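The values are calculated or read from the model by the stated rules, or taken from the named source; none is laboratory data. Keep in mind the model is a prediction, meaning the values are calculated, not measured. A quick note on method: Cβ atoms are made from the backbone with ideal geometry, for glycine too, and the neighbour counts reach across all protein chains shown.
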Amino acid sequence: MQKIAALSALAALAAANTAAAACAYPPEIDVPNGARATKDEMVAANAAVKGYMAQVEEYLACLDREEADLGDAVTDEQKQLHTTRHNTAVDALNAVAARYNEQVQAYKKAGGK
């Protein structure tokens, strides 16, 4: 269910990005199956999640700059688009973090350290 919500959010984000492509949303990352992953795979996943988080933060900052650059000329529609793009990115980020945390727990349960 979480994956479906994340995919829906990413679809909305892609549509929003088409309308205003100055800020490029980073590609979502793959998270290994913790029950079968090696320590090296989990360490790499941790680094990938941290990198993804930094890229999303830059994307959000870009959105804020984009809206600020419009100044007083910003329309209600543009404000709504900004809010939608921002919220969609945060939702996708939270979904990736939740997926990673689930796999960390699966890794530990499988005996990983």
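Couple of notes before you dig in:
Per-residue answers, yes or no, for (1) at pLDDT 95 or above; (2) under 29 Å from GLU66 (Cβ atoms); (3) surrounded by fewer than 13 Cβ atoms within 10 Å (Cβ to Cβ):
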{"position": "ALA6", "(1), (2), (3)": "no, yes, no"}
{"position": "ALA9", "(1), (2), (3)": "no, yes, no"}
{"position": "LEU13", "(1), (2), (3)": "no, yes, no"}
{"position": "ALA19", "(1), (2), (3)": "no, yes, yes"}
{"position": "PRO32", "(1), (2), (3)": "yes, no, no"}
{"position": "ALA37", "(1), (2), (3)": "yes, no, no"}
{"position": "ASP40", "(1), (2), (3)": "yes, no, yes"}
{"position": "ALA44", "(1), (2), (3)": "yes, no, no"}
{"position": "ALA48", "(1), (2), (3)": "yes, yes, no"}
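- Subset tally (residues that are farther than 11 Å from LEU93 by Cα, assigned to a helix (DSSP H, G or I) and not aliphatic (A, V, I, L, M)) for the stretch 26-66: 11
- Output for the stretch 49-77, where each listed residue is in contact with a helix residue (DSSP H, G or I) (Cβ under 7 Å, 6 or more places away or on another chain) and either closer than 14 Å to PRO26 by Cβ or touching a residue at least 60 places away in the same chain (Cβ under 8 Å) (or both): VAL49, TYR52, MET53, VAL56, TYR59, LEU60, LEU63
- Flag if GLN80 is over 27 Å from ASP30 (Cα atoms), exposed (fewer than 14 other Cβ atoms within 10 Å of the Cβ) and either at pLDDT 95 or above or not aliphatic (A, V, I, L, M) (or both): yes
- Residues satisfying the stated conditions in the stretch 70-113, i.e. in contact with a Gly (Cβ under 9 Å, 6 or more places away or on another chain), basic (Lys, Arg) and under 26 Å from ALA54 (Cα atoms): LYS108
- Some residue of the stretch 90-113 being free of Cβ contacts under 8 Å to residues at least 24 places away in the same chain and surrounded by 17 or more Cβ atoms within 10 Å (Cβ to Cβ): no
- GLU57 being surrounded by fewer than 15 Cβ atoms within 10 Å (Cβ to Cβ) and not β-branched (Val, Ile, Thr): yes
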